[in-house]
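As structure tokens, the structure follows; a few thoughts come after it.
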Amino acid sequence: MKKLFLLAAAILLSVASRAQLQSPSDFLPHELGAQFTPHHLLVQYMEHVAEQSPLVELTEYGRTNKDRPLLLAFIGSSENLNRLDAIRENNLKRTGVLEGPTDPALNDILVIWLSFGVHGNEAAGPESAMNAIYELLNHPDRDTWLANTVICYDPTINPDGYDRYTHWYRNVSNVIPDPKPSAREHDEPWPGGRVNHYLFDLNRDWAWQTQVESRQRMARYNQWLPQVHVDVHEQGYNSPYYFAPAAPPFHAYITDWQADFQVTIGKNHARYFDENGWLFFTKERFDLLYPSYGDTYPTYNGAIGMTYEQGGIGAGRAVIMNNGDTLTLYDRIAHHTTTVLSTIEISSQNADQLISEFTDYWSNARSNPPGNFKSFVLPATNPAGRLASFTKLLDRNGITYGRAGSRTTLTTYDYQTGATKRLDVQPNDLVVSAYQPKAVMTQILLEPETYVEDSVTYDITAWSLPYAYGLEAYASTERLDPRDAFEVTSANVPSTLDAYAYLLKWDDLSDARFLAEAIQKGFRVRYATEPFRVDNKDYDRGTLVITRADNRKRDGFDAPLQALAREHNQDLVATQTGYVQSGSDLGSGNYRLIEAPKALLLSGESTRSNSFGQAWYYFEQDIGLDLTVRDADQLSRTNLDDYNTLILVDGRYRWSESVRDQVGEWVSEGGHIIAIGSANGSLSGQEGFSLQRAESTGNGDEPNNESDYAGQERRYISNLIPGAIFKVRMDGTHPLAYGIGDHYFSLKTSGTAYAKIQNGWNVGTLGEELMVAGFAGQNAREAQKNTAVFAVQSRGRGAITYMVDNPLYRSFWEQGKFLFSNALFFVGN
């Protein structure tokens with residue numbers, strides 16, 4: 001009798017608990033799907049769910065740039081939530097990331113991670129997150145699924161973008177939604193809600209972790225390493241629903257099991273979509289190659305990584321599609337809720353096999369890493385700042401490394417030349433071995449060439465980090481394990497109080513950060529235009545020279561400069577003399593005074609939001625330098641005399657003749673334009689600008705009458721460069737190339753080519769022989785030969801810097817940011 005009473009009491013308690021848990025429609029001031037939900041209300045609903053359900057724990061794992069909370073809910077049985085950290089650690093022991101034997105009592109627990117709203121204007125994702133968690137907690141199979149599954153649940157990855165979109169929409173939409181596509185509620189203005197505060201696409205940032213949201217989320221992700229990950233998206237509203245399996249190309253390191261289980265999941269989704277008569281497609285458009293997506297990054301970390309795409313971008317609450325049907329927000333929420341629950345169902349049903357294959361994946365990676373190369377060596381002679389930035393990214397991705405520890409010799413691939421080289425490895429050299437838990441990510445991020453099984457791909461096809469960081473590097477097919485820890489050395493900073501001058505070598509972006517703050521603190525800084533030798537040390541072009549004479553009116557010189565160098569971990573060298581052993585004395589005109597940049601960055605509809613955001617982020621976060629942002633359409637009403645640098649990011653600038661004259665006169669009087677990417681198209685061929693498009697090779701640009709209709713896509717891509725690395729010859733004597741060396745590996749994301757300029761300096765050029773990593777269409781590759789990539793034109797007392805390739809692309813090309821620093825601080829001075 002007592003047992004029956006306790007059972008009845010437990011049932012009543014469970015019913016009461018569910019009665020207290022409100023649906024989103026009951027909790028929110030509007031019915032879910034009738035209006036978009038502001039982020040703060042989504043947060044409140046997630047807090048409500050965690051308060052009312054014993055099956056949910058909620059944590060705040062970080063904050064956005066605009067101080068909005070980033071949330072992660074854990075969903076599981078009460079038993080599993082009580083041992084959550086033990087389950088997490090046990091899962092890491094499966095991977096080898098955490099050493100030690102696994103706990104047999106926990107070995108049957110599967111981990112699923114569900115991510116919503118990485119693109120803010122794909123707003124049905126966060127709306128679905130509220131509905132899906134409620135439906136899961138009230139599902140008849142809930143207890144069965146949660147008995148062997150823990151779910152990590154991120155309801156909105158990009159709160160800043162989501163709020164930008166939802167607030168805009170709520171302000172401009174009618175009370176009754178207008179489904180006509182021409183209505184203003186379907187015409188989102190620049191920059192759109194897709195991106196975060198700095199207008200970065202967070203779905204391209206998983207590996208690079210340039211953004212604060214990514215860094216905080218990935219720290220948590222790498223503490224869990226789930227077996228299944230779903231990234232919930234939207235696409236154009238006329239498209240049917242997309243779910244796995246993905247489209248080719250697949251990276252060669254994706255296992256057969258990972259590909260096959262995508263099919264298993266897709267068939268389970270299809271069953272529900274068939275029952276409801278909903279349209280869907282699979283195996284098209286969304287590939288698995290670029291490593292910084294929400295499907296590929298988890299895949300390269302052993303998971304079944306998938307993107308789910310619901311038609312909906314620009315749909316508002318209702319829109320008439322091309323087929324005459326009306327797509328509603330209710331529809332979009334229903335579709336996403338279905339695939340989310342279907343994912344949990346099929347994964348729970350296959351938990352044992354998912355865990356077994358996941359464990360084998362990591363075991364095989366550690367003992368028999370994929371790929372030809374088994375070790376990567378980066379000499380200690382590389383600039384310390386570049387190595388520090390590089391190892392910081394390895395740390396964020398959980399990739400281990402260390403010092404060689406002893407001398408040895410290896411046969412290697414030389415990243416700089418593409419040739420085979422016998423390398424004498426030194427004890428202090430940095431070594432990354434492929435024999436480690438993160439073997440696949442190591443190969444994916446470091447190998448010099450990405451194998452692409454199909455050239456029709458969704459994104460860039462090359463990203464090798466040694467090129468991105470400007471590092472001398474070597475890859476070997478021989479195994480070399482590091483012997484001890486690699487640590488970035490602390491800076492050498494003198495304590496003298498009577499230096500004649502201080503010298504700082506110009507090697508990497510950390511030097512630019514130091515320079516930016518020094519200038520803002522009122523230090524007068526020069527840079528060397530010729531090599532010199534003083535105190536038995538050699539210094540190259542670009543060396544920063546800070547003399548007491550230039551700063552004699554400052555309140556304090558030695559101590560504050562030394563403190564700044566320590567803060568930035570910069571090697572600062574003091575000299576007691578301006579008399580050099582070779583080169584020009586420090587008082588010579590060959591040491592040019594750096595004028596503090598007064599930068600004007602144009603924004604708005606004329607610019608590409610991502611490119612604008614990259615430049616904005618560079619100033620505010622990479623180097624911490626003040627700037628002014630103004631809409632490009634307001635340029636005619638701008639007093640350009642307040643600025644010395646005008647930055648034109650990717651975009652189309654339709655200047656009137658009077659604006660062109662205004663800008664041209666300002667340049668002639670000493671102004672400096674830095675034009676990036678497609679912005680150069682607005683200058684080329686215009687009066688006063690030397691840049692001209694390269695002549696087309698005419699090799700198959702147009703299909704002939706005998707071409708197959710079905711082959712048009714592949715013929716088209718012969719003219720494209722979706723993203724490949726080109727080795728660019730640099731003129732190291734020009735200020736734009738200081739610290740770079742005689743070549744620079746440029747990430748080229750467009751097939752547009754420009755001829756070498758006639759009146760100016762072609763600082764970065766491509767020749768007849770090309771060294772390319774990644775895919776570049778045959779015609780596009782031919783068009784790049786003998787062209788200018790970076791050029792500088794003098795015009796009166798000013799200059800124009802043409803940067804055909806965007807050096808700030810996605811903010812992960814560290815050497816590109818250093819190159820841009822040369823343009824900002826040196827060119828035009």
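The values are calculated or read from the model by the stated rules, or taken from the named source; none is laboratory data. Please read these numbers as outputs of a predicted model, since none were measured by experiment. Here the Cβ positions follow ideal geometry from the backbone for every residue, glycine too, while neighbour counts run over all protein chains shown. The protein model used for the area step is the full one, side chains on, heavy atoms only, and it has no ligands, DNA or RNA in it. Shrake-Rupley method; radii C 1.70, N 1.55, O 1.52, S 1.80 Å.
For Ala252, only one of the following conditions fails: (1) on the phi < 0 side of the Ramachandran plot; (2) of a type outside the set (S, T, N, Q); (3) open to solvent by 30 Å² or more (accessible area, probe 1.4 Å); (4) at pLDDT 95 or above. What is its number?
(4)
Residues that are buried (at least 17 other Cβ atoms within 10 Å of the Cβ) and of a type in the set (A, V, I, L, M): which strands (runs of 3 or more DSSP E) entirely in region 574-648 hold 3 or more of them?
Fully inside region 574-648 and qualifying: 599-603, 645-648.
Where residues in region 475-504 are open to solvent by 80 Å² or more (accessible area, probe 1.4 Å) and under 21 Å from Asp429 (Cα atoms), which of them is nearest to the chain's Cα centre (by Cα)?
Glu487
From the residues in region 534-567 that are within 40 Å of the chain's Cα centre (by Cα) and of a type in the set (Lys, Arg), which one is surrounded by the most Cβ atoms within 10 Å (Cβ to Cβ)?
Arg541
State whether the residues of region 231-249 include one that is open to solvent by 30 Å² or more (accessible area, probe 1.4 Å), touching a Phe, Trp or Tyr at 6+ places or on another chain (Cβ under 7 Å), in a loop (DSSP other than H, G, I, E, B) and of a type in the set (Gly, Ala, Ser).
no
State whether the residues of region 765-777 include one that is of a type in the set (Asp, Glu), outside any loop (DSSP other than H, G, I, E, B) and either in contact with a Phe, Trp or Tyr (Cβ under 8 Å, 6 or more places away or on another chain) or open to solvent by 40 Å² or more (accessible area, probe 1.4 Å) (or both).
The answer is no; no qualifying residue exists.
Give all pairs with beta carbons closer than 6 Å in which a residue from region 329-352 that is within 21 Å of Gln235 (Cβ to Cβ) and open to solvent by 20 Å² or more (accessible area, probe 1.4 Å) meets a residue that is not basic (Lys, Arg) and not in a helix (DSSP H, G or I); count only pairs at least 6 apart in sequence or on separate chains.
Tyr330/Gly33; His335/Tyr241; His335/Gln310
I need a count of the residues in region 173-214 that are over 8 Å from the mean Cα position of the chain (by Cα), within 18 Å of Glu620 (Cβ to Cβ) and outside any loop (DSSP other than H, G, I, E, B).
So the answer is 3.
When the residues of region 43-68 are filtered to those that are under 16 Å from Gly117 (Cα atoms) and part of a loop (DSSP other than H, G, I, E, B), which remaining residue is most open to solvent (accessible area, probe 1.4 Å)?
Applying the filter and picking the extreme gives Arg68.
Spot the failing condition for Arg654; the list is (1) of a type outside the set (A, V, I, L, M, F, W, C); (2) in a loop (DSSP other than H, G, I, E, B); (3) at pLDDT 95 or above, and only one is missed.
(3)
Examine region 316-326 for a residue that is in a loop (DSSP other than H, G, I, E, B), under 21 Å from the mean Cα position of the chain (by Cα) and either within 15 Å of Phe261 (Cα to Cα) or free of Cβ contacts under 8 Å to residues at least 60 places away in the same chain (or both), and state whether such a residue exists.
no
So which pairs qualify, if the first residue must be in region 243-269 and in contact (Cβ under 8 Å) with a residue 60 or more places away in the chain and over 21 Å from Val232 (Cα atoms), the second must be assigned to a helix (DSSP H, G or I) and open to solvent by less than 50 Å² (accessible area, probe 1.4 Å), the Cβ gap must be under 6 Å, and the two must be at least 6 apart or on different chains?
Here the result reads Tyr253/Val440, each pair linking region 243-269 to a residue that is assigned to a helix (DSSP H, G or I) and open to solvent by less than 50 Å² (accessible area, probe 1.4 Å).
Looking at region 16-42, which of its residues are within 20 Å of Asn138 (Cα to Cα) and either assigned to a loop (DSSP other than H, G, I, E, B) or of a type in the set (Val, Ile, Thr) (or both)?
Leu21, Gln22, Ser23, Leu28, Glu31, Gly33
How many residues does region 338-358 hold that are touching a helix residue (DSSP H, G or I) at 6+ places or on another chain (Cβ under 9 Å), over 16 Å from Asp231 (Cβ atoms) and in a helix (DSSP H, G or I)?
Number satisfying all stated conditions: 11.
Restricting to region 336-365, give me the number of residues that are under 19 Å from Pro240 (Cβ atoms) and touching a Gly at 6+ places or on another chain (Cβ under 9 Å).
Selection size over region 336-365: 1.
Which residue out of Arg285, Arg217, Arg271 is touching a Phe, Trp or Tyr at 6+ places or on another chain (Cβ under 8 Å), open to solvent by 30 Å² or more (accessible area, probe 1.4 Å) and either part of a helix (DSSP H, G or I) or within 21 Å of Ala124 (Cα to Cα) (or both)?
Arg285
Taking the condition open to solvent by less than 10 Å² (accessible area, probe 1.4 Å), under 30 Å from Ala105 (Cβ atoms) and at pLDDT 95 or above, does Ile157 pass?
It is false that Ile157 is open to solvent by less than 10 Å² (accessible area, probe 1.4 Å), under 30 Å from Ala105 (Cβ atoms) and at pLDDT 95 or above.
Given the conditions (1) in contact with a Ser or Thr (Cβ under 7 Å, 6 or more places away or on another chain); (2) among the acidic types (Asp, Glu); (3) surrounded by fewer than 23 Cβ atoms within 10 Å (Cβ to Cβ), report the number of the one that Asp205 does not fulfil.
(3)
Go through Asn719, Asn699, Asn705 for me and flag whichever is at pLDDT below 95 and within 29 Å of the chain's Cα centre (by Cα).
Exactly one residue qualifies, and that residue is Asn719.
Quick one: which residue in Arg513, Arg524, Arg479 is closer than 24 Å to Leu824 by Cα, modelled with pLDDT of 95 or more and assigned to a loop (DSSP other than H, G, I, E, B)?
Matching residue, one of Arg513, Arg524, Arg479: Arg524.
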